[in-house]
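Remarks on the structure that follows.
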Amino acid sequence: MAFAIEAVELRRVALPLVMPFRASFGTESVRDVLLVRARTAEGDGWGECVARSEPLYSSEFVDAAALVVRDHLVPRAWPARAPEEVAPLLRPVKGHPMAKAAVELAVLDAWLRTEGVSLATYLGGERDRVDVGVSVGIAPSLDALLGEVSGYVDAGYRRVKLKIEPGWDVEPVAAVRGRYPDLAMQVDANGSYTLADITSLAALDAFGLLLVEQPFGDDDLDAHAVLARCLSTPVCLDESITSAARAVEAIDRGACTIVSIKAGRVGGYLEAKAVHDACIVRGVPVWCGGMLETGIGRAFNLALAALPGFTLHSDMSPARMFYACDLVEPTFDIRPDGCIAVPARSGNGFPVVPDRVADATIRSWESDARKRTS
Ligand code: SMG
Ligand code: MG
């Protein structure tokens, strides 16, 4: 029987974080997650939307994503008979990449499970394990930061990323570098600097960082290009890279020499692969960024990071580091070699536990293809 979506369910799930996560734009204590479940005759597929409660990382936020998925994306996605058809069906809707990615993921997962194919195989993944790094939020003190980092090093992480902002940059980096002279380290500013702060950013060159991520605003490719010429540390872009075309533009304009790929930010896994492919031909290394996903979203990232261009450590710490109880079982953990194994099972590789999703659900909505009017 041909693949067909029979119904789509939306769930809003609240998952408390084990420890609040602070970036320059704000602190998150509870993850407000939108899940999309595509039901088919052969089984279900799940997608996780990475929008946050508030539009602070990007313009998307969960209330808006839920509405756009329900009223504008699901009605257009019904006719999809294969995952590649989803993005073209959703293209008339402007923007909302995280909402679009969640719908594509649900369809992709259902389709792969029907076909018995793993996501890594479908995408062309070549690795059976990926190098994992941990993202460390802005800490209340240097002592707290050092305590947290030492826990991660003891747990097996080989790379740490420190969140920075003006006033929390050289000191924390110097403190961690002082304690761990050989640890692979990078920093992420989430756009909190301007060119007026170039002196503090240039001071980071002394610490042998792998990269500095998104120091300036999303649209400010010129400022990133100026910085890239002044720094010996490579400049990496995250928020600025919204599509493969934008990645090419950023690279051509000298705004970055490394790209962080997030499927939600670029509208789906197939566009994420296009970003990867564009970077590979230009000799630009990529790594997979994270959005504090549950095991559902993390599993997709893991498969994506198996592609050959992902040569740097990805922000892929296991979901159980953030959440007391993950939504998938079995879930995954970091291995003693600092890697995570890429699953070979079909779909995204990790079975969702419906009871856990049900326990954490605060709102749900269901749509049936047979009752569709639009
Ligand atoms: O998922 O391990 C993770 C966190 C990675 O720092 C991380 N993500 O800008 O790269 C980024 C941030 C966005 C997080 S939104 C709270
Ligand atoms: Mg980032």
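What to note about this one:
- A compact globular protein would have a Cα radius of gyration near 2.2 N^0.38 Å; the ratio found for the chain is 0.95.
- Share antiparallel - DSSP beta bridges, the chain, percent rounded to 5: 60 percent
- With K and R counted +1 and D and E -1, the other residues having a Cβ less than 12 Å from that of Glu239 yield a net charge of -4.
- Residue-normalised accessible area of segment 300-374, expressed per residue, 1.4 Å probe, Å²: 46 Å²
- Portion, in percent, of the accessible area of segment 237-300 that falls on carbon or sulfur, probe 1.4 Å: 56 percent
- If you count Lys pairs in the chain whose Cα atoms are under 19 Å apart, skipping same-chain pairs closer than 8 places in sequence, the total is 6.
- Most to least packed among 4-15, 303-314, 320-331 [average Cβ atoms within 10 Å]: 303-314, 4-15, 320-331
- The chain: relative contact order in percent, alpha carbon pairs under 8 Å with at least 6 residues between: 22 percent
- Averaged per residue, segment 117-192 has 39 square angstrom of accessible surface, using a 1.4 angstrom probe with ligands and nucleic acids left out.
- About the Cα centre, charge dipole magnitude for the chain (Lys/Arg +1, Asp/Glu -1 at Cβ), debye: 700 debye
- Computed over the chain with a Gaussian network model linking Cα atoms closer than 10 Å, the most mobile of Gly254, Gly290, Gly268 is Gly254.
The values are calculated or read from the model by the stated rules, or taken from the named source; none is laboratory data. This one's a predicted model, so the numbers in the text were calculated from it and none came from an experiment. Cβ: placed from backbone, ideal geometry, glycine included. Neighbour counts: every protein chain shown. Protein only, heavy atoms only, side chains kept; ligands, DNA and RNA dropped before computing areas. Shrake-Rupley method; radii C 1.70, N 1.55, O 1.52, S 1.80 Å.
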